[in-house]
1. Looking at the structure I just gave you, is Leu68 open to solvent by 40 Å² or more (accessible area, probe 1.4 Å) and among the hydrophobic types (A, V, I, L, M, F, W, C)?
2. What is the number of the single condition among (1) under 26 Å from Pro7 (Cβ atoms); (2) touching a residue at least 24 places away in the same chain (Cβ under 8 Å) that Leu68 does not meet?
3. Across the range 23-34, what is the number of residues that are in contact (Cβ under 8 Å) with a residue 12 or more places away in the chain and either closer than 24 Å to Arg86 by Cβ or over 14 Å from the mean Cα position of the chain (by Cα) (or both)?
4. Among Arg26, Arg39, which is within 20 Å of Met11 (Cα to Cα), in contact with an Asp or Glu (Cβ under 7 Å, 6 or more places away or on another chain) and among the basic types (Lys, Arg)?
5. Within the range 81-95, does at least one residue satisfy the condition of being more than 25 Å from Lys8 (Cα to Cα), in contact (Cβ under 8 Å) with a residue 24 or more places away in the chain, in contact with a Lys or Arg (Cβ under 7 Å, 6 or more places away or on another chain) and open to solvent by less than 60 Å² (accessible area, probe 1.4 Å)?
6. What tally of residues in the range 21-61 results from selecting those that are open to solvent by 30 Å² or more (accessible area, probe 1.4 Å), of a type outside the set (Lys, Arg) and closer than 16 Å to Ile79 by Cβ?
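The values are calculated or read from the model by the stated rules, or taken from the named source; none is laboratory data. These figures come from a predicted structure and were not determined experimentally. Neighbour counts run over all protein chains shown; Cβ positions are idealised from the backbone, glycine included. Keep in mind that these areas ignore ligands, DNA and RNA; they rest on the heavy atoms of the full protein, side chains included. Shrake-Rupley method; radii C 1.70, N 1.55, O 1.52, S 1.80 Å.
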Amino acid sequence: MNIKGFPKERMGDVECYLGEPNDQVREGLRSILRDCGFRRARTFARMIDLLNADKEETPALLIASDDLDPGVFDAIRDIRHFKIGRNPFLMIGLLVRGDVEGAVKRALL
């Protein structure tokens, strides 16, 4: 599989963190990432574990569910404002539930 001209073999070099509290969803997403070539995909069920791992090695890609932790949006904002982590420009994807009022708006802000 080629992602916009980026060979699948090169995806193995990308450090990816995935934060999702549900075991089945987390492992399903991890499997999808690995199928896309992300061999360095680390998964976390708790935000605190994800943030502690970020102190050791900063990922290039962070994917987090909005129900990972009540403070997930604050943590993302702190990453962007360089209060957490070492790379405020890392790519961040948020998994947002559409049935929670205001969740999409909070994610965008």
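1. No, not satisfied.
2. Result: Leu68 passes all but (1).
3. 3
4. Working: Arg39 fails: in contact with an Asp or Glu (Cβ under 7 Å, 6 or more places away or on another chain).
On inspection, the qualifying residue turns out to be Arg26.
5. no
6. So the answer is 8.
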